[in-house]
Amino acid sequence: MTIGTKGVLEPPRRRRPGFEVIATAAVLAVQLAALVYVAVQNRFNLNPDAIAYLQVARHIAEGKLDLAVNGYWGPLLSWIMAPLLAAGIDPLVTARSAMVVSAMIFLAGAMSLFRSVGLRRLPFLAISLLTALISLAWSVEAITPDLLAGGLLLFACSRTFAAEWPESRS
């Protein structure tokens, strides 16, 4: 609530979403549709690592944490897969779904970084679309946590480059 011109409390005015919000939502929506399409087209493409991550996810879903925790395979991607496997979803669909989530996080992290460095409207949209295409290709190349870890790293970098970050350190 704010105090209006006549000294009366008024509800806050709704601001219209800016270009960045609309562009972000549009790019993410197009990315999601494209990711689902390529995931279906590449649903049978597996790499050896995918089998290992699915096995770790199966151990997590079954509550066998003594088998799930190991020194070689990180749990990040398997944590995304485990609830889907526990729900009875096919392992191939589960693996591709995890890569869809990974690519969406990668794109969202990249767009967050683009906003933090202050890209203008047209470069923001162009580079976001290019990043969407790149993550689309990476999502079907191999089932690994690389895309997911990259997206989380991009979010961390965007916070580091944010204008308010140096002041928040004191």
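The values are calculated or read from the model by the stated rules, or taken from the named source; none is laboratory data. Please read these numbers as outputs of a predicted model, since none were measured by experiment. Virtual Cβ from ideal backbone geometry, glycine too; neighbours counted across all protein chains shown. Calculation scope for accessible area: heavy atoms of the full protein, side chains included, ligands and nucleic acids excluded. Shrake-Rupley method; radii C 1.70, N 1.55, O 1.52, S 1.80 Å.
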Read through the list (1) over 28 Å from THR24 (Cα atoms); (2) among the β-branched types (Val, Ile, Thr); (3) touching a Gly at 6+ places or on another chain (Cβ under 9 Å), then give the number of the only condition that ILE105 fails. (1)
Filtering the stretch 113-126 down to residues that are within 19 Å of ALA156 (Cα to Cα) and out of contact with any Cys (no Cβ under 7 Å at 6 or more places or on another chain), which residue is surrounded by the fewest Cβ atoms within 10 Å (Cβ to Cβ)? GLY118
All conditions in (1) open to solvent by less than 50 Å² (accessible area, probe 1.4 Å); (2) within 19 Å of ARG43 (Cα to Cα) are true of ALA110 except (2)
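Taking the condition of being of a type outside the set (Gly, Ala, Ser), farther than 17 Å from TYR53 by Cβ and surrounded by fewer than 19 Cβ atoms within 10 Å (Cβ to Cβ), how many residues in the stretch 137-154 meet it? Quick ask: steps written out before the conclusion?
Taking the stretch 137-154 first, the residues of a type outside the set (Gly, Ala, Ser) are 138, 140-141, 143-148, 152-154.
Cutting the leftovers down to farther than 17 Å from TYR53 by Cβ gives us 153-154.
With surrounded by fewer than 19 Cβ atoms within 10 Å (Cβ to Cβ) added as a condition, the list becomes 153.
So the answer is 1.
Quick grid of which residues meet (1) open to solvent by 80 Å² or more (accessible area, probe 1.4 Å); (2) of a type in the set (S, T, N, Q):
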| residue | (1), (2) |
| --- | --- |
| PHE19 | no, no |
| TYR37 | yes, no |
| GLN41 | yes, yes |
| ASN47 | no, yes |
| TYR53 | no, no |
| ARG58 | yes, no |
Here the qualifying pairs (Cβ atoms under 7 Å; residues six or more apart or on different chains; first in the stretch 76-93 and of a type in the set (Gly, Ala, Ser); second modelled with pLDDT of 95 or more and surrounded by 15 or more Cβ atoms within 10 Å (Cβ to Cβ)) come out as SER78/TYR53; SER78/VAL56; SER78/ALA57; SER78/ILE60; ALA82/ALA57; ALA82/ILE60; ALA82/ALA61; ALA86/ALA61
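Being among the hydrophobic types (A, V, I, L, M, F, W, C), over 18 Å from VAL101 (Cα atoms) and touching a Lys or Arg at 6+ places or on another chain (Cβ under 9 Å) is the requirement here; does ALA68 meet it?
yes
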How do the pairs read when you match residues in the stretch 6-33 that are farther than 21 Å from MET104 by Cβ with residues anywhere that are outside any helix (DSSP H, G or I) and modelled with pLDDT of 90 or more, using Cβ under 6 Å and keeping only pairs 6 or more apart or on different chains? none
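Please indicate, with yes or no, whether at least one residue in the stretch 94-102 is more than 20 Å from SER139 (Cα to Cα) and either small (Gly, Ala, Ser) or free of Cβ contacts under 8 Å to residues at least 12 places away in the same chain (or both).
Step one: of the stretch 94-102, the residues more than 20 Å from SER139 (Cα to Cα) are none.
Scanning the stretch 94-102, I find no residue that is more than 20 Å from SER139 (Cα to Cα) and either small (Gly, Ala, Ser) or free of Cβ contacts under 8 Å to residues at least 12 places away in the same chain (or both), so the answer is no.
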Can you tell me which of LEU65, LEU85 is crowded, with 17+ Cβ neighbours inside 10 Å and more than 22 Å from TRP138 (Cα to Cα)? LEU85
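Looking for something among the small types (Gly, Ala, Ser) and farther than 30 Å from LEU46 by Cα - is there at least one such residue anywhere in the stretch 93-102?
Within the stretch 93-102 (the criterion being among the small types (Gly, Ala, Ser) and farther than 30 Å from LEU46 by Cα), the answer is no, since none of the residues qualifies.
Could you list, in sequence order, all residues of the stretch 89-107 that are among the β-branched types (Val, Ile, Thr) and open to solvent by 30 Å² or more (accessible area, probe 1.4 Å)? Let's see the steps before the verdict.
Here is the first cut: in the stretch 89-107, the ones among the β-branched types (Val, Ile, Thr) are 89, 93-94, 100-101, 105.
Residues satisfying the conditions are ILE89, VAL93, VAL101, ILE105.
Hey, can you tell me all the residues within the stretch 85-111 that are more than 11 Å from the chain's Cα centre (by Cα) and not acidic (Asp, Glu)? Reasoning before the result, please.
Taking the stretch 85-111 as the starting set, the residues that turn out to be more than 11 Å from the chain's Cα centre (by Cα) are 85-97.
Of everything in the stretch 85-111, those that are more than 11 Å from the chain's Cα centre (by Cα) and not acidic (Asp, Glu) turn out to be LEU85, ALA86, ALA87, GLY88, ILE89, PRO91, LEU92, VAL93, THR94, ALA95, ARG96, SER97.
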